[in-house]
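Inspection log for the structure reproduced underneath, given as C-alpha cells.
The values are calculated or read from the model by the stated rules, or taken from the named source; none is laboratory data. No experiment lies behind these values; they were computed from the predicted model shown. Glycine gets a Cβ as well: all are built from the backbone with ideal geometry, and neighbour counts include every protein chain shown.
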Amino acid sequence: MKLVLKIGTSSITGSDPNGISAPLVESTVDLIADLKSRGHQVVLVSSGAVGLGCKQLGFSERPKTVTSIQAAASVGQNLLTNVYQEFFQKYNQTIGQVLLTRRGLQDKERYLNARLTIRELLKLDVIPIINENDAVADDEIKFSDNDCLSALVSELIAAEHLFIVTDIEGLFTEDPRKNPNAKLIEIVEEIDFDLQAKAGISGTQWGTGGMASKIQAAKMATSFGTTVHILSGKNIRLIRDILNGKSYGTTFLPRNNPEDARKAWIAFGAHAKGKVYVDEGALHAIQKGGSLLPVGIKKVKGHFGRGAALEIAFEENSQAHVVAIGITKYRSEDLNKIAGHLSDEIQQVLGYSYGNSAIHCDDLVVLTANEN
C-alpha cells in the first residue's frame, strides 16, 4: 500500500528552542520504518524549512519579504534534511530529498518527471522526503504549507492514504482553542461549502497553512481517490491503528465518482494567466455548480487568449479571495467588452459568440467557499 505522510511546520518545529521537535521527528521515523517493515511504501512530505531557517537566523517572526523567506528556506532545508538523516541512520535507511515547486508541476513534462523520480526512489527502497522549494518558489503560486503539495504527491504515486499531521486532533465543529465544547468531526463523506467555511483561514506563526488549506488538500486528494486523515502529531503512532480500521482524528472518504483528470488539472496544475472579479450573484451561481456568465463579471485583469486558466475572485471589504479556477472561452479583450452584459448580447457586442458562458461549468472548479 502506498502512503503519504505530511508533517506540518507547527509539528516539526514545536516549542523546542533549537527549532526542531526531536520527539516528533523520532516518532515519525520509527513509524515509517515500522510501516515499511509491514510492506507499505511511504513518502514523507515535510514542512519546516522556513521556520527552522528563521530561528537559525534569529528572526523573531516569519519575514514579510519574499527574498528573506527564500533565504530562510535555503538555510532551513539543510537543517531539516540533516535531522531526518540522523534519525533514519539507526535503521540503515536511505533517504532522498525531492524539492518541488507549483510552477514546475504545472509543466506536464516536469510533472511526469517528478512522478517517475518518486516512483523510482520507492522501487530502490529509498524514503522520498519532499518539500516545496521555497528558496526559488514564486510566493504568489506557492503551496499552502505543503498541504496541497502532499495531495498532489498522493496523485503522483497513486497513494491509498494521505495522513496530514498537524497540531490539532482533526476538524472540529468550531475552533477547539476558542470553544472547549467544540466536537470532533470523525468522518467526512463530502466536502461542501459549509464545511470549508468552518475551517477558517488562520495558520501558525511560522507556517502558512491552517485548517482551510488542509480542507482544500483533502478535497483535492479525495478527488484522486485517496483517503485523507487529519490527526495530531501527538497521536502519530496511531496511524498503524487507523490502517487497521480504527478511527482517530478526522477521515475524509474518497469520492465514489472522482473528478476527471481534466478538472483535477484545472484545479491543481494549471497556471492562471489572468483573473476575473465577479459579483455576489455570480459567486453563488458557481458555488452551486453553475457556469460563469458575462453578466456576473465586474472586471478583468491580465492579457490572455482563449483556453487560458483564470482565477475567479470575489472582492469584499477591499480584500479579494480566489474562489475558483476555470478555462476561459474568450480572450481578455473580449471578456472586457462583454463583462456585465447578458449572454444574449454577446453576439451583438463582439460580432460572434463562443456560447452563453464566459467559463462553462465543465471547465470550472470551485476551490473555496465564501468565508463571510
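Look through the range 211-230, keep the residues that are among the small types (Gly, Ala, Ser) and surrounded by fewer than 22 Cβ atoms within 10 Å (Cβ to Cβ), and return whichever of them is modelled with the highest pLDDT.
Step one: filter the range 211-230 for residues among the small types (Gly, Ala, Ser), giving 212-213, 217-218, 221, 223, 225.
Still in the list and also surrounded by fewer than 22 Cβ atoms within 10 Å (Cβ to Cβ): 212, 225.
Numbers: 212: 81, 225: 87.
Result: 225.
For the range 3-20, give me each residue that is modelled with pLDDT under 75 and either surrounded by fewer than 24 Cβ atoms within 10 Å (Cβ to Cβ) or outside the structural domain of residue 87 (by TED's automatic domain parsing) (or both). 14, 15, 16, 17, 18, 19, listed by residue number. Tell me, yes or no, whether the range 31-40 has at least one residue that is in a helix (DSSP H, G or I), within 19 Å of residue 147 (Cβ to Cβ) and in the same structural domain as residue 214 (by TED's automatic domain parsing). No, the range 31-40 contains no residue that is in a helix (DSSP H, G or I), within 19 Å of residue 147 (Cβ to Cβ) and in the same structural domain as residue 214 (by TED's automatic domain parsing).
Can you pull out every residue in the range 229-252 that is part of a loop (DSSP other than H, G, I, E, B), in contact (Cβ under 8 Å) with a residue 12 or more places away in the chain and over 23 Å from the mean Cα position of the chain (by Cα)?
The initial filter retains those residues of the range 229-252 that are part of a loop (DSSP other than H, G, I, E, B), namely 244-249.
Imposing the further condition that a residue be in contact (Cβ under 8 Å) with a residue 12 or more places away in the chain reduces the set to 247-249.
247, the sole residue that qualifies.
Among the helices (runs of 4 or more DSSP H) confined to the range 268-372, the ones with at least 1 residues that are touching an Asp or Glu at 6+ places or on another chain (Cβ under 9 Å) and either in the same structural domain as residue 150 (by TED's automatic domain parsing) or surrounded by 15 or more Cβ atoms within 10 Å (Cβ to Cβ) (or both) are located at 332-338, 346-350.
Across the range 95-109, what is the number of residues that are at pLDDT 75 or above and either in contact with a Gly (Cβ under 9 Å, 6 or more places away or on another chain) or not aliphatic (A, V, I, L, M) (or both)?
Taking the range 95-109 and keeping what is at pLDDT 75 or above, we get 95-101.
Filter again for either in contact with a Gly (Cβ under 9 Å, 6 or more places away or on another chain) or not aliphatic (A, V, I, L, M) (or both), leaving 96-97, 101.
Of the residues in the range 95-109, 3 are at pLDDT 75 or above and either in contact with a Gly (Cβ under 9 Å, 6 or more places away or on another chain) or not aliphatic (A, V, I, L, M) (or both).
Go over the candidates 309, 313, 320 one by one and state the one that is small (Gly, Ala, Ser), under 11 Å from residue 274 (Cβ atoms) and at pLDDT below 90.
Working: 313 fails: at pLDDT below 90; 320 fails: under 11 Å from residue 274 (Cβ atoms).
Just a single option satisfies the conditions, and that option is 309.
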